[in-house]
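Colleague: Can you keep this structure in mind? I'll have questions shortly.
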Amino acid sequence: EKVNKVIFYLFTVATVIQIAIWLREIILAFVERRAQQSGSESDTLSSAMALIRIAVSFALFSVAAIVILSNLGVNVSGLIAGLGVGGIAIGLAAQGIFSDLFAAISIIFDQPFRRGDTISYDTTTGRVEKIGMKSTRLRALSGEQKIISNSKLLEKEITNGTMTDHRRTNFVLGLVYQTPASVLSTLPQTLREIVEAEDLDFIRAGMTAFSPSAFDFQLVFDVKGDDLDQLFEARHKVALAIIDRFARDGIAFAYPTQTTFTAAPDGTLVMPFAGQPASAPKAPRKR
């Protein structure tokens, strides 16, 4: 009977440990395969895999130890309660670190962006330089480095400009109120010709508002690709082409203007009012 008990205990220990090892390898193999498919940067992935391996091993072998002790007749209720309280305490003490760690793992596997992508969040636009376990580093278009924690970054709406196949551009053109209606009616076609001459995709053009000093026209066109330098160059060429075409056609751009009317003490309009002679008498001063 004693031999049978020893064999039973040894068989239980071996079986539980073997199952824990198999589960660990299956989970880690799945995670590594998913990470390789994501094509994430190697240094961050190595750090993540090391932490994942430790966490999975600790969790599985803790459960295995409890199962073994329970089969050996040991009361494990206190042990389970202690592990639960300890886990809660550790979780509360390091919740910020764990939240950033899980956010980094989410970025690696879910891939909302990769290193080298240009992203925008809040009012910042920059290129991703490094995805770390605690924070992500961006190089802003103005040159400075932006550092934001992974958990805070994922809480915001992120625009990944690298994933787009085109960039849309809007121009608002203000024309003087003296522009004839015949010119205004042909202006959309003129703008289409300018945009298509630069091998860009014309979307729409038309009058949008009567502003205080001008007729407002809006031009919308697309630039193929996601390169910001290409977008900047395309905007520059279109702007110069519009200026050249408007100069040849005699179309004038508007600028903020204001007319001032001067009145005499009795309310009579004086110069620069066009209806009065240039030598209008001065009004007497009151004493």
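Colleague: Need the list of aspartates and glutamates near LYS237 for cross-linking: C-alpha distance under 15 angstrom, and skip anything on the same chain fewer than eight residues off.
Modeller: Reachable aspartates and glutamates: GLU193, GLU196, GLU198, ASP199, ASP201, ASP222, ASP229.
Colleague: State, to one decimal in nm, how far the label point of GLN258 lies from the label point of ILE147, with both points 7 Å from Cα in the Cβ direction.
Modeller: Placing both labels 7 Å beyond Cα along the Cβ direction yields 4.9 nm.
Colleague: Would you work out if the range 115-163 is rounded, prolate or oblate? Take a ≥ b ≥ c from the square roots of the eigenvalues of the alpha-carbon gyration tensor; rounded if a/c is under 1.5, else prolate when a/b is larger than b/c, oblate otherwise. Could the numbers behind the result be given before it?
Modeller: Details: a/c = 1.38, a/b = 1.14, b/c = 1.21.
Rounded shape, in that the Cα axes give a/c under 1.5.
Colleague: Further question on the same structure: Among the aspartates and glutamates, select those whose C-alpha is under 13 Å from the C-alpha of LYS146, and discard any that sit fewer than 8 residues away in the same chain.
Modeller: Within the straight-line limit of under 13 Å, LYS146 reaches these aspartates and glutamates: ASP122, GLU129.
We did not get these values from a lab; they are worked out from the coordinates using the rules stated. Just so you know, these numbers come straight off a predicted model, no measurement behind them. All Cβ positions, even for glycine, are placed from backbone atoms using ideal geometry, and neighbour counts span all protein chains on display.
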